[in-house]
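Participant: Dropping the structure in here first, questions after.
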Amino acid sequence: QVLSHIMHPLPDIDVPKLLGPLAGVVLVSPWVAFGENYPAFTSNEKTDIATPDMLRWLARVIAPGVTENLRNHVEPATAPAEWWSDIDSVVSQVMLTVGEHECQFDPIAGFAKVLERHVSKMEIIVEEKGVHEEFIVAFGAGQGPERVAYRAVVAWAKRVFT
């Protein structure tokens, strides 16, 4: 949403003015669409910690306030691909992580492919057998360094920010 607002500011929301592109952005299991008409929404229902019931509840709470003006900002996977055409002016590199067993896997993977066409340096990590924010949850349990996504994000951050 922040990237959308910087590229496509809404008149009633202040956005930061950048002096140049951000060095990088990490998107961890981003919620990019409210819909549930995706195969993974059903196939991953029993594995993901972000359950379909939770996602439906969140969508019911948030969606009524989302006007057509806000749709592309709030549901980036539903925005037309050209919405992201100027993203290189906002961020130089993007890393996106998604768990293979997330209910939101399909819209996240689709969104990643769109971004990949517009960001010159894009890295996508699909965590095998992972669920929503898997490596963050594992880190909290003291198991983060064992996760491929954890190691990839840390290595990426070191390259990008040092």
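Participant: What pairs come up if the first residue lies in the range 105-132 and is among the small types (Gly, Ala, Ser), the second is assigned to a loop (DSSP other than H, G, I, E, B), and their beta carbons are under 7 Å apart, counting only those six or more places apart or on different chains?
Facilitator: That search, which allows pairs on different chains as well, returns GLY130/GLU100; GLY130/HIS101.
Participant: Name the residue, out of ASP12, ASP48, that is part of a loop (DSSP other than H, G, I, E, B) and more than 17 Å from the chain's Cα centre (by Cα).
Facilitator: Numbers: ASP48 fails: more than 17 Å from the chain's Cα centre (by Cα).
On inspection, the qualifying residue turns out to be ASP12.
Participant: So which residues in the range 84-122 are closer than 16 Å to LEU3 by Cβ and among the charged types (D, E, K, R), if there are any at all? Explain how you work it out, then say what you get.
Facilitator: Taking the range 84-122 as the starting set, the residues that turn out to be closer than 16 Å to LEU3 by Cβ are 84-96, 108, 111-112, 114-122.
ASP86, ASP88, GLU116, ARG117, LYS121, listed by residue number.
Participant: Given (1) touching a residue at least 24 places away in the same chain (Cβ under 8 Å); (2) open to solvent by 60 Å² or more (accessible area, probe 1.4 Å), where does VAL61 come up short, assuming only one miss?
Facilitator: All conditions pass for VAL61, except number (1).
Participant: Let me spell it out: the conditions are (1) open to solvent by 70 Å² or more (accessible area, probe 1.4 Å); (2) within 26 Å of HIS118 (Cα to Cα), and GLY20 meets all of them except one. Which number is the exception?
Facilitator: GLY20 satisfies all of (1) open to solvent by 70 Å² or more (accessible area, probe 1.4 Å); (2) within 26 Å of HIS118 (Cα to Cα) except (1).
Participant: Scan the range 133-162 for residues that are of a type in the set (Lys, Arg) and in contact (Cβ under 8 Å) with a residue 24 or more places away in the chain and jot them down. Outline the logic, then answer.
Facilitator: From the range 133-162, those of a type in the set (Lys, Arg) are 147, 151, 158-159; that's our starting set.
Within the range 133-162, no residue meets the criteria.
Participant: In the range 30-45, which residues are open to solvent by 20 Å² or more (accessible area, probe 1.4 Å) and either in a helix (DSSP H, G or I) or in contact with a helix residue (DSSP H, G or I) (Cβ under 6 Å, 6 or more places away or on another chain) (or both)?
Facilitator: If the condition is that a residue be open to solvent by 20 Å² or more (accessible area, probe 1.4 Å) and either in a helix (DSSP H, G or I) or in contact with a helix residue (DSSP H, G or I) (Cβ under 6 Å, 6 or more places away or on another chain) (or both), then PHE34, TYR38, PRO39, THR42, SER43, GLU45 are the ones that fit.
Participant: I need the full set of residues from the range 64-82 which are in a loop (DSSP other than H, G, I, E, B), open to solvent by 30 Å² or more (accessible area, probe 1.4 Å) and farther than 14 Å from PRO107 by Cα, in order please.
Facilitator: THR67, GLU68, ASN69, LEU70
Participant: Going through the range 100-150 one residue at a time, which ones are in contact with a His (Cβ under 8 Å, 6 or more places away or on another chain) and at pLDDT 95 or above?
Facilitator: GLU102, CYS103, GLN104, listed by residue number.
Participant: Follow-up question, since we're still on this one. Given the criteria part of a helix (DSSP H, G or I), open to solvent by less than 30 Å² (accessible area, probe 1.4 Å) and in contact with a strand residue (DSSP E or B) (Cβ under 8 Å, 6 or more places away or on another chain), does LEU3 qualify?
Facilitator: Yes, satisfied.
The values are calculated or read from the model by the stated rules, or taken from the named source; none is laboratory data. Remember, predicted model here, so these are calculated numbers, not experimental data. Here the Cβ is made from the backbone with ideal geometry for all residues, glycine too, and neighbour counts use every protein chain on show. For the accessible areas, the whole protein counts, side chains as well, though only heavy atoms, and no ligand, DNA or RNA atoms are used. Shrake-Rupley method; radii C 1.70, N 1.55, O 1.52, S 1.80 Å.
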